[in-house]
Amino acid sequence: PPQGMTIGKSGTLDWGTTAKTNYILYVKGILRIYPGGTMNIGTVGTPMPSTSTALYQMTSVANVDSGLVVDGTLSVYGATNTNVSTLLTANLAALGTVVQVTSTAGWVANDVLAFASTTRTASQAETKIIQSVDSGVQVTLTAGATNAHSGTAPTQAEVVNLTHNLVIRGASTLLQGYILFNPTSTGAMYYAEMYWMGSNQGGKRAVDIQTTTGTLDIRYCTVRDGMQGNQGGFYASG
């Protein structure tokens, strides 16, 4: 698909921020924010409420033929998550489903958790989904752990909650999208979850940062489950 949607000079696209509302935008092709244009998916003063969700999907037909290209200003603010990372407080055996951690504050069923490897084998890091939050220090998973993870100091596994209520994604694991910040762009991204994004093509490596004279502030975001061609994540070339 060609360029499918543009925000021109002096143009602004504001997403709603009403409580208990699910906002959705699907774009096939490129959504381009030109210099002087702005898209706000929440702002620093008015982030997406914790009771609402926002989903921006790049509906690719071929991998990374749909994406978000920023020459102007992009503001992305999901709800604040103060418990992004915690530690195991008891060993988690392979096939184990009951997880004990320092705190489960703010976690809910269906959140995706990442477990760090506690051996020298990096591939033993894994993700699992919460089935239930049992207490302030325990959750039960929908499926058992693939690998064992230590919950004993000094090798306690980090447990990271990858889920945010503001999601930017491609269409699937094979039809991914991307975000390109061009040299003059201005951006801020807080508490956003990004997945099914990336490739080994220049300018389309998940979150591809080529900012030079512009500014970009990214904090407390997650990028997971993507990166076709083994390249992706945050790629800075500016």
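Only lysines eight or more places from residue 28 in sequence, or on another chain, were considered; those with a Cα closer than 21 Å are 204. How large is log10 I(q)/I(0) at q = 0.10, 0.11, 0.13, 0.17 Å⁻¹ when the Debye formula is applied to the Cα atoms of the range 114-238, each weighted equally and without solvent? Results for the range 114-238 at q = 0.10, 0.11, 0.13, 0.17 Å⁻¹ read -0.40, -0.48, -0.65, -0.98. What is the Rg over Rh value, at two decimals, for the range 90-135, using alpha-carbon atoms and the Kirkwood definition of Rh? Computed over Cα atoms, the ratio is 0.96.
Beyond 15 Å, the tail of the calculated P(r) for the range 17-58 holds 51 percent of the Cα pairs. Can you give the percent of C-alpha pairs in the chain whose distance is more than 23 Å? The share of Cα pairs beyond 23 Å in the chain comes to 52 percent. The fraction of accessible area contributed by carbon and sulfur in the chain is 53 percent, rounded to a whole number (1.4 Å probe; ligands and nucleic acids excluded). Computed from the Cα positions only, the extents of the range 1-78 along the three principal axes stand at 34, 28, 13 Å, in decreasing order.
Rounded to the nearest Hz, the phi-derived 3J(HN,Hα) couplings of the range 70-84 under the Karplus curve 6.51 cos²θ - 1.76 cosθ + 1.60 (θ = phi - 60°) are 10, 10, x, 10, 10, 10, 9, 9, x, 5, 5, 10, 7, 10, 6, where x marks glycine and proline. For the range 115-178, take every pair of Cα atoms, bin their distances at 5 Å starting from 0, and report each bin as a whole percent. With 5 Å bins starting at 0, P(r) equals 4, 13, 17, 22, 19, 14, 8, 3, 0.
The values are calculated or read from the model by the stated rules, or taken from the named source; none is laboratory data. All of these numbers come straight from a predicted model, not from anything done at the bench. When the accessible area is computed, the model is the full protein with side chains, heavy atoms only, and any ligands, DNA or RNA have been set aside. Shrake-Rupley method; radii C 1.70, N 1.55, O 1.52, S 1.80 Å.
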